[in-house]
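Asker: I'd like to ask some things about the structure below.
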2 protein chains.
Amino acid sequence: MKDAIRVGLIGFGTVGKGLAKTLLSQHERLTQKVGVPIILSRVADIACTSLPDEYRDVVLSNDAGDIFTDPAIDIVVELIGGIEPARTFLLTAIEHGKHVITANKALLSTHGKEIFEAAAARNVEVGFEASVGGGIPVIKALKEGLAANRIESIRGIMNGTANFILTQMTQHGTPFEEVLAEAQRLGFAEADPTYDVEGIDTAHKLAILMSIAYGKHVHLDDVAIEGISSIKPIDIDFAREFGYCIKLLAISRNHGDHVEARVHPTMVPTDHLLANINGSFNAIQFTGDTVGDVLFYGHGAGMMPTGSAVAADVVDIGRNILAGAINRVPALSYLPQHFSRPTITPMGELTCPFYFRVTALDQPGVLSAVSGILGRHNISIKSVIQKGQQPGEPVHVVLQLHEAREEDVTRALAEIDALDACPEPTVKIRVLIDEH
Amino acid sequence: MKDAIRVGLIGFGTVGKGLAKTLLSQHERLTQKVGVPIILSRVADIACTSLPDEYRDVVLSNDAGDIFTDPAIDIVVELIGGIEPARTFLLTAIEHGKHVITANKALLSTHGKEIFEAAAARNVEVGFEASVGGGIPVIKALKEGLAANRIESIRGIMNGTANFILTQMTQHGTPFEEVLAEAQRLGFAEADPTYDVEGIDTAHKLAILMSIAYGKHVHLDDVAIEGISSIKPIDIDFAREFGYCIKLLAISRNHGDHVEARVHPTMVPTDHLLANINGSFNAIQFTGDTVGDVLFYGHGAGMMPTGSAVAADVVDIGRNILAGAINRVPALSYLPQHFSRPTITPMGELTCPFYFRVTALDQPGVLSAVSGILGRHNISIKSVIQKGQQPGEPVHVVLQLHEAREEDVTRALAEIDALDACPEPTVKIRVLIDEH
């Protein structure tokens, strides 16, 4: 029997430090659960010149190669993020027969197939619990806890920064730009917030969850993405009037021969649990044909929550090493031979209810023109509110539309925005359908 | 390599049928995940004379003994509920070297130690995911996903019937007795609803979660229990006025050398996620020192959700059988040699804020007497509302109290209820402290 599980960590940034702290503070607890100690043996970081005192037994290096070639290391944890050199590090570690753990959603949603195939060929494990939902054990829940389910849908708030911004906008009526600047000042948003606010980070995570849920290699490029930077406080106010909250959701519905894959601002009924997830928290809801609706909630990012998830992967893989049960659970839930490419529902074929905010000059006939266009595109109106601005300024014509085809909506919008009476582009927000 | 995992099921009631249906409908999916088919080989049910057509390959018997002695059976699933003969069946199955799965929280919270020790001695597995939270994979999440956490607290809505009743009372102002009768008519509540509405079922589940969370054998008798049958619509109205919802919560806080274990109606701030769990849904929140707050939500009971959880256990144990990795994860999270008896915080030493509704004759000096008693017991008042009834009838004096010691509260209540001016016992409801 092995006397310990030895971990090599690449990247001693925030998340790397979180893992190191966790393995240290939970050392005795984990030994009592696993049976042997879990030891952080090596850290490689390109910029780090010394480790804090409590890590005096850990060997520091500026070269990740020192970890791959150390025969004592069982598991290599990559926490540097980005595509390269992370991809090369993971593939090299696998090549050396090391089990690997990563929190790198950008990498897995673009080069996941390559990494999982390399790991399967070398019969090593890939742990990636921390790549989605931070500290929430959502990947384990989906792969194992919900194994006996056809996953019918995925819906989630998967980016804490975007949710923090929308929550602030909703609670205080502050414009997007101001909240973002404040979030950057507080360290809740990065200097370049594009991935977070434009939905790309959320799309990374959706691609990973869809792959596991459906047994299909879903790529970032499969996901239709819209961010929250064009959401205005006025839209949040109208949403509230209609009984909705605006959230950046990842949504996938399983239609059997095709699956939806989309990230966009969404009107969520205020009594829906997802409408009540505030601040930087994440929540991911699955609907399974056996279990019905389940939802998992927690911190989607941060040093310690992410450390908790990575440490859980270390424990999981460590137990498989000790039991001689490598790849006891297939990395992507289904065995590799049952994996295939997905067919993604074209966005034009999507149907859902819509919210439109048309900005129009305050002159007769506008509503008639707009409703005429909608009618010609088979889009029926559920309700209309027209709200005046200052005299002489354009008015907001706000429409709730019944379920309509995205393609029809896009054509209708082009015609509406071409009207002389419409000086600004119409704002369109999709409305959540909750069948359950 | 084994060509299949074979399951014997004892009890073909609602939950047993749910498992059978699940294994049938998910047959191909599970084979694609596990690598070999999972086959329901035998069913034993004392009353069942024939199985539906789709189970034509399943051998039916009225004698559970036929399952224990069939050498082809790998896993015995007990879904009859109650203490006996369930306990004897599980112990006999273990004696025969079978892995066992049960959803029986009443049994595990009273005879769990005996069953887990027997299983450890015989080196077989005990799966019990369905015993808490129905279809929510909460036990796996706690044992594995949150392995690297000191669990600081557990808070949950763990009984769907009680939550359904409280939700109806809250939304429609209907008295407890009427909602219960309606729930019984609809089949949401049992003919004898004691376990559900008096908090006993919730206490079973809390004892199981605490055992895993803390590595201590917690017994049903360790849990202080109060049910919801004395909650009146008027208390729900007052709660709303103060910004609270009344929920039946299981609560445990970890004080290191002692742990709280209690089930009682609780005032939950309306913006807390637990206040937004409605109808028959369950939600369980853990606070971990590494991960912070996480919450798991879903159907806490029902044929198919429970089937989903039991099937997940079958998959888990099946994978361990195939990998030769029995008891890869200790049944109760910590290895048996690290298990001990817990020290439970005496209820008298509990401190939390309280709500009091004093029913008093409408005469001068009552409020002064009540506040005098509270003051003498070191209980300070946060707010008072006095609401009149019809002229000549008693009034409600409603007090929000700051955090106070349960022991002091009990003594103060005895004095208040002994006042001549108080014709009815005072209603006391504890208020949730959410440190996080």
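The values are calculated or read from the model by the stated rules, or taken from the named source; none is laboratory data. Since this is a predicted model, take the numbers as computed values, not measurements. Positions of Cβ are generated from backbone atoms using ideal geometry, with glycine treated the same way; all protein chains shown enter the neighbour counts. Side chains are part of the model used for accessible areas, which takes the heavy atoms of the whole protein and leaves out ligands, DNA and RNA. Shrake-Rupley method; radii C 1.70, N 1.55, O 1.52, S 1.80 Å.
Asker: Hey, any hits in the range A:71-90 for a residue that's away from chain B (no Cβ under 13 Å) and over 22 Å from A:ALA130 (Cβ atoms)?
Answerer: Yes, the range A:71-90 contains at least one residue that is away from chain B (no Cβ under 13 Å) and over 22 Å from A:ALA130 (Cβ atoms).
Asker: Determine if the range A:368-386 includes at least one residue that is charged (D, E, K, R) and within 14 Å of chain B (Cβ to nearest Cβ). Give the steps one after another, and end with the answer.
Answerer: At the first step, the residues of the range A:368-386 found to be charged (D, E, K, R) are A:376, A:382.
Subset that is within 14 Å of chain B (Cβ to nearest Cβ): none.
The answer is no, given that none of the residues of the range A:368-386 is charged (D, E, K, R) and within 14 Å of chain B (Cβ to nearest Cβ).
Asker: Just the residues that are under 19 Å from B:PHE242 (Cβ atoms) and of a type in the set (Gly, Ala, Ser), please, taken from the range B:361-399. It would help to see each step written out before you state the result.
Answerer: Initial filter on the range B:361-399 (under 19 Å from B:PHE242 (Cβ atoms)): B:367, B:370-371, B:374, B:379-388, B:395-399.
B:SER371, B:SER380, B:SER383, B:GLY388, listed by residue number.
Asker: Would you pick out the residues in the range B:302-320 that are open to solvent by 10 Å² or more (accessible area, probe 1.4 Å), touching a strand residue (DSSP E or B) at 6+ places or on another chain (Cβ under 6 Å) and either more than 7 Å from chain A (Cβ to nearest Cβ) or β-branched (Val, Ile, Thr) (or both)?
Answerer: Listed by number, the list holds a single entry, B:ASP313.
Asker: Follow-up. Tell me, please, whether a residue that is more than 14 Å from chain B (Cβ to nearest Cβ) and part of a loop (DSSP other than H, G, I, E, B) can be found in the range A:396-419.
Answerer: Start the filter on the range A:396-419 by keeping residues that are more than 14 Å from chain B (Cβ to nearest Cβ), which leaves A:396-419.
Pick out the ones that are also part of a loop (DSSP other than H, G, I, E, B) and you get A:419.
Yes; the residues of the range A:396-419 include at least one that is more than 14 Å from chain B (Cβ to nearest Cβ) and part of a loop (DSSP other than H, G, I, E, B).
Asker: What residue, among those in the range A:4-32 that are open to solvent by less than 10 Å² (accessible area, probe 1.4 Å), small (Gly, Ala, Ser) and part of a loop (DSSP other than H, G, I, E, B), is farthest from the other protein chains (Cβ to nearest Cβ)?
Answerer: A:GLY11
Asker: What do you reckon, is B:ALA162 over 19 Å from B:LEU249 (Cβ atoms) and open to solvent by less than 20 Å² (accessible area, probe 1.4 Å)?
Answerer: Working: over 19 Å from B:LEU249 (Cβ atoms): no; open to solvent by less than 20 Å² (accessible area, probe 1.4 Å): yes.
No.
Asker: Can I ask one more? Whether any residue in the range A:238-254 is basic (Lys, Arg), closer than 30 Å to A:LEU332 by Cα, surrounded by fewer than 22 Cβ atoms within 10 Å (Cβ to Cβ) and touching a strand residue (DSSP E or B) at 6+ places or on another chain (Cβ under 6 Å) is what I want to check.
Answerer: First, pick out the residues of the range A:238-254 that are basic (Lys, Arg): A:240, A:247, A:253.
Going one step further and asking which of them are closer than 30 Å to A:LEU332 by Cα, we end up with A:247, A:253.
Next, only the ones that are surrounded by fewer than 22 Cβ atoms within 10 Å (Cβ to Cβ) stay: A:253.
From what's left, touching a strand residue (DSSP E or B) at 6+ places or on another chain (Cβ under 6 Å): A:253.
Within the range A:238-254, one or more residues are basic (Lys, Arg), closer than 30 Å to A:LEU332 by Cα, surrounded by fewer than 22 Cβ atoms within 10 Å (Cβ to Cβ) and touching a strand residue (DSSP E or B) at 6+ places or on another chain (Cβ under 6 Å).
Asker: In this structure, is A:SER211 closer than 24 Å to A:GLU424 by Cα, open to solvent by less than 50 Å² (accessible area, probe 1.4 Å) and either in the same structural domain as A:THR266 (by TED's automatic domain parsing) or in contact with a Pro (Cβ under 9 Å, 6 or more places away or on another chain) (or both)? Quick ask: steps written out before the conclusion?
Answerer: On the way: closer than 24 Å to A:GLU424 by Cα: no; open to solvent by less than 50 Å² (accessible area, probe 1.4 Å): yes; either in the same structural domain as A:THR266 (by TED's automatic domain parsing) or in contact with a Pro (Cβ under 9 Å, 6 or more places away or on another chain) (or both): yes.
Judged against the criteria, A:SER211 is not a match.
Asker: Separate question: Just checking, how many residues over the range B:182-206 are of a type outside the set (Val, Ile, Thr), modelled with pLDDT of 95 or more, in a helix (DSSP H, G or I) and open to solvent by 40 Å² or more (accessible area, probe 1.4 Å)?
Answerer: Of the residues in that region, 1 qualify.
Asker: For the range A:222-249, how many residues meet the condition of being within 10 Å of A:ALA261 (Cβ to Cβ) and out of contact with any helix residue (DSSP H, G or I) (no Cβ under 6 Å at 6 or more places or on another chain)?
Answerer: Within the range A:222-249, the subset within 10 Å of A:ALA261 (Cβ to Cβ) is A:222-225.
Filter again for out of contact with any helix residue (DSSP H, G or I) (no Cβ under 6 Å at 6 or more places or on another chain), leaving A:222.
Here the count works out to 1.
Asker: In the set B:VAL398, B:VAL370, which member is under 33 Å from the mean Cα position of the chain (by Cα), surrounded by 15 or more Cβ atoms within 10 Å (Cβ to Cβ) and of a type outside the set (Phe, Trp, Tyr)? Working first, answer last.
Answerer: Details: B:VAL370 fails: under 33 Å from the mean Cα position of the chain (by Cα).
None of the others qualify; the one that does is B:VAL398.
Asker: Shifting gears a bit: Residue check: is B:ASN282 touching an Asp or Glu at 6+ places or on another chain (Cβ under 9 Å) and assigned by TED's automatic domain parsing to the domain that holds B:LYS205? Quick ask: steps written out before the conclusion?
Answerer: On the way: touching an Asp or Glu at 6+ places or on another chain (Cβ under 9 Å): no; assigned by TED's automatic domain parsing to the domain that holds B:LYS205: yes.
Answer is no for this residue.
Asker: Which count do you get for residues in the range B:226-273 that are assigned to a loop (DSSP other than H, G, I, E, B) and closer than 23 Å to B:THR161 by Cα? Break it down into steps so the answer makes sense when it comes.
Answerer: Within the range B:226-273, the first condition is being assigned to a loop (DSSP other than H, G, I, E, B), and the residues that meet it are B:226-232, B:243, B:255-258, B:260-261, B:270-272.
Keeping just the survivors that are closer than 23 Å to B:THR161 by Cα gives B:226-232, B:261, B:270-272.
Residues meeting the conditions: 11.
Asker: Find the residue count for the range A:105-125, including only residues that are under 19 Å from A:VAL315 (Cα atoms) and open to solvent by 10 Å² or more (accessible area, probe 1.4 Å). Before you say what the answer is, go through the steps one by one.
Answerer: First, the residues of the range A:105-125 that are under 19 Å from A:VAL315 (Cα atoms): A:119, A:123-125.
From the residues that got through so far, the ones that are open to solvent by 10 Å² or more (accessible area, probe 1.4 Å) too are A:123, A:125.
Final tally of qualifying residues: 2.
Asker: Within the range B:138-150, is there a residue that is out of contact with any Cys (no Cβ under 7 Å at 6 or more places or on another chain), more than 23 Å from A:LYS143 (Cα to Cα) and not β-branched (Val, Ile, Thr)?
Answerer: We begin by selecting, within the range B:138-150, every residue out of contact with any Cys (no Cβ under 7 Å at 6 or more places or on another chain); these are B:138-150.
If we keep only those that are more than 23 Å from A:LYS143 (Cα to Cα) as well, we get B:150.
The next check asks that each one be not β-branched (Val, Ile, Thr); those that pass are B:150.
Looking through the range B:138-150, at least one residue is out of contact with any Cys (no Cβ under 7 Å at 6 or more places or on another chain), more than 23 Å from A:LYS143 (Cα to Cα) and not β-branched (Val, Ile, Thr).
Asker: Quick one: in the range B:334-365, of everything that is closer than 21 Å to B:LEU399 by Cα and of a type in the set (Ser, Thr, Tyr), which residue is farthest from the other protein chains (Cβ to nearest Cβ)?
Answerer: Looking at the filtered set, the residue picked out is B:THR359.
Asker: Another question, if that's okay. Which of the residues that make up the range A:321-333 are facing chain B (nearest Cβ under 9 Å) and either without any contact (Cβ under 8 Å) to a residue 40 or more places away in the chain or buried (at least 21 other Cβ atoms within 10 Å of the Cβ) (or both)?
Answerer: Matches in the range A:321-333: A:ALA323, A:GLY324, A:ALA325, A:ARG328, A:PRO330, A:SER333.
Asker: Quick check on the range A:128-143: of everything there that is open to solvent by 10 Å² or more (accessible area, probe 1.4 Å) and facing chain B (nearest Cβ under 8 Å), which residue is farthest from the chain's Cα centre (by Cα)?
Answerer: Restricting to residues being open to solvent by 10 Å² or more (accessible area, probe 1.4 Å) and facing chain B (nearest Cβ under 8 Å), the top hit is A:LYS140.
Asker: If you don't mind, there's one more thing I want to ask. Go through the range B:287-303 and give me each residue that's within 18 Å of the chain's Cα centre (by Cα) and more than 17 Å from B:LEU273 (Cα to Cα). Before you say what the answer is, go through the steps one by one.
Answerer: Going residue by residue through the range B:287-303, those that are within 18 Å of the chain's Cα centre (by Cα) are B:287, B:294-303.
Matches in the range B:287-303: B:ALA301, B:GLY302, B:MET303.
Asker: Conditions first: (1) within 19 Å of B:THR266 (Cβ to Cβ); (2) surrounded by 24 or more Cβ atoms within 10 Å (Cβ to Cβ); (3) over 18 Å from the mean Cα position of the chain (by Cα). B:PHE176 passes all but one, so which condition is the exception?
Answerer: (2)
Asker: Evaluate the following for B:ASP70: is it over 24 Å from B:ALA309 (Cβ atoms), of a type in the set (D, E, K, R) and open to solvent by less than 60 Å² (accessible area, probe 1.4 Å)? Give the derivation first.
Answerer: On the way: over 24 Å from B:ALA309 (Cβ atoms): yes; of a type in the set (D, E, K, R): yes; open to solvent by less than 60 Å² (accessible area, probe 1.4 Å): yes.
Yes, satisfied.
Asker: Ok, one more. Answer with yes or no whether B:PRO391 is more than 37 Å from the chain's Cα centre (by Cα), over 30 Å from B:ILE151 (Cα atoms) and open to solvent by 60 Å² or more (accessible area, probe 1.4 Å). Walk me through how you get there before you give the answer.
Answerer: Details: more than 37 Å from the chain's Cα centre (by Cα): yes; over 30 Å from B:ILE151 (Cα atoms): yes; open to solvent by 60 Å² or more (accessible area, probe 1.4 Å): yes.
Taking the combined requirement at face value, the residue satisfies it.
Asker: Got a number for residues in the range A:275-301 being touching a helix residue (DSSP H, G or I) at 6+ places or on another chain (Cβ under 8 Å) and either polar (S, T, N, Q) or at the interface with another protein chain (Cβ under 7 Å from one of its Cβ atoms) (or both)?
Answerer: 15
Asker: Considering (1) of a type in the set (Phe, Trp, Tyr); (2) under 20 Å from B:LEU146 (Cα atoms); (3) more than 14 Å from chain B (Cβ to nearest Cβ), say which one A:PHE68 fails and leave the rest.
Answerer: The one condition A:PHE68 does not meet is (2).
Asker: Quick test for you: out of A:LEU51, A:LEU60, pick the one residue that is assigned to a loop (DSSP other than H, G, I, E, B), under 15 Å from A:GLY16 (Cα atoms) and at pLDDT 95 or above. Working first, answer last.
Answerer: Numbers: A:LEU60 fails: assigned to a loop (DSSP other than H, G, I, E, B).
Exactly one residue qualifies, and that residue is A:LEU51.
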